[in-house]
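Note sheet for the following structure.
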Amino acid sequence: MFHIPSTNIKAVAKVCVLLPDGSCHGNTKINYCSLLFCTNITPSSTWASGRRKITLMGSRLEFVEGVIHSHALQEVMIPRNSNFQHLTYDTPAAENTQRTFTSAVFLRVANETLSCSSKITYYPDPEFTGFTSTRIGDDVRITIEKEADKLEMTAAELSVWGVQKGKQYPCIMKSKETFPKIDLFICFIQNTPDAEFLHLMIKYGDKTVRLGPPSLLHQVLLILRLLLIPCVTVVLVIICRWQKKLTAEMNKL
């Protein structure tokens with residue numbers, strides 16, 4: 001085993017075994033390609049507990065052996081998979097902190113460490129505040145409430161189970177609805193006799209949280225909040241039309 005020497009140009013080099021008498025045996029060739037690089041990171045943020053799936057975009061990323069963040073230089077994250085233009089990996093955790101900060105991203109390639117042009121932002125973990133359940137035919141619709149944040153978490157990043165009488169029932173994620181102060185995640189538990197669940201188990205990354213149902217007051221406030229949004233929109237439309245009508249009448253005078 002040996003390290004391939006570096007070069008600053010694209011070229012084809014011959015590799016052989018050099019004997020003491022100066023003769024060279026072997027006919028293997030190595031292609032030197034242009035240096036790899038990454039240009040974009042998506043999503044560009046992660047939660048503090050880490051293990052969010054991130055995709056790097058760039059060139060020749062299939063040669064990357066590990067990804068490093070500047071706040072955790074000793075932790076090398078092995079790529080999940082990679083090809084010429086894309087690489088996916090899981091973010092390292094930010095230990096003992098829930099503050100917001102940015103972390104530089106580096107690529108480990110053989111004995112080189114290369115810097116990415118983009119950085120990743122760490123935010124506090126998402127805050128799930130409650131859920132409601134509604135019977136729809138043979139299924140139960142679960143609506144999970146989360147405080148709005150900058151993580152842009154998708155429904156695909158959540159795994160949810162309803163818990164009733166010690167049994168866990170998988171909840172199939174369907175959609176996400178975004179409002180000014182809350183996010184709602186919708187999932188369905190299929191073919192279950194129970195419409196009410198004691199609590200939910202919610203997993204994102206490697207972290208699993210237990211979520212109980214909200215109080216009656218909280219549920220009423222949530223419903224009122226959701227109803228106010230379309231009401232405000234209707235009122236604004238009416239005001240705009242009234243102003244246009246008033247302006248038209250004034251112009252006739």
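The values are calculated or read from the model by the stated rules, or taken from the named source; none is laboratory data. A quick note: this is a predicted structure, and the numbers were derived from the prediction, not measured. Cβ placement follows ideal geometry from the backbone for every residue including glycine, while neighbour counts extend to all protein chains displayed.
Checking the stated criteria, Ile136 turns out not to satisfy the condition of being crowded, with 18+ Cβ neighbours inside 10 Å and at negative phi.
In summary, Phe63 fulfils each of the numbered conditions (1) in contact with a helix residue (DSSP H, G or I) (Cβ under 8 Å, 6 or more places away or on another chain); (2) over 28 Å from Leu158 (Cα atoms) with the single exception of condition (1). The single condition among (1) assigned by TED's automatic domain parsing to the domain that holds Val209; (2) small (Gly, Ala, Ser); (3) surrounded by fewer than 16 Cβ atoms within 10 Å (Cβ to Cβ); (4) more than 16 Å from Arg52 (Cβ to Cβ) that Ala156 does not meet is (4). Among residues belonging to the range 94-114 that are over 18 Å from the mean Cα position of the chain (by Cα) and either in a strand (DSSP E or B) or modelled with pLDDT of 95 or more (or both), point out the one that is surrounded by the most Cβ atoms within 10 Å (Cβ to Cβ). Here the answer is Leu107. Every condition in (1) of a type in the set (Gly, Ala, Ser); (2) closer than 26 Å to Thr97 by Cα; (3) at pLDDT 95 or above; (4) in a strand (DSSP E or B) holds for Ala156 except the one numbered (4). In the range 162-175, of all residues being of a type in the set (Gly, Ala, Ser) and loosely packed, with under 12 Cβ neighbours inside 10 Å, the one that is nearest to Tyr204 (Cα to Cα) corresponds to Ser175.
Got at least one residue in the range 131-147 being closer than 30 Å to Ser70 by Cα and not assigned by TED's automatic domain parsing to the domain that holds Arg52? Among the residues of the range 131-147, at least one is closer than 30 Å to Ser70 by Cα and not assigned by TED's automatic domain parsing to the domain that holds Arg52, which makes the answer yes. Scanning the range 116-165 for residues that are under 22 Å from Thr178 (Cβ atoms), touching a residue at least 40 places away in the same chain (Cβ under 8 Å) and among the hydroxyl-bearing types (Ser, Thr, Tyr) yields Thr121, Tyr122, Tyr123, Thr129, Thr132, Ser133, Thr134, Thr143, Ser159. Mind telling me which of the residues Thr143, Thr192, Thr178 ends up being surrounded by fewer than 12 Cβ atoms within 10 Å (Cβ to Cβ) and over 15 Å from the mean Cα position of the chain (by Cα)? It is Thr178.
Here is a yes/no grid of residues against (1) modelled with pLDDT of 95 or more; (2) polar (S, T, N, Q); (3) part of a strand (DSSP E or B); (4) at positive phi:
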site: Leu35; (1), (2), (3), (4): no, no, no, no
site: Ile41; (1), (2), (3), (4): yes, no, yes, no
site: Thr46; (1), (2), (3), (4): yes, yes, yes, no
site: Ser49; (1), (2), (3), (4): yes, yes, no, no
site: Leu56; (1), (2), (3), (4): yes, no, yes, no
site: Ile68; (1), (2), (3), (4): yes, no, yes, no
site: Gln74; (1), (2), (3), (4): no, yes, yes, no
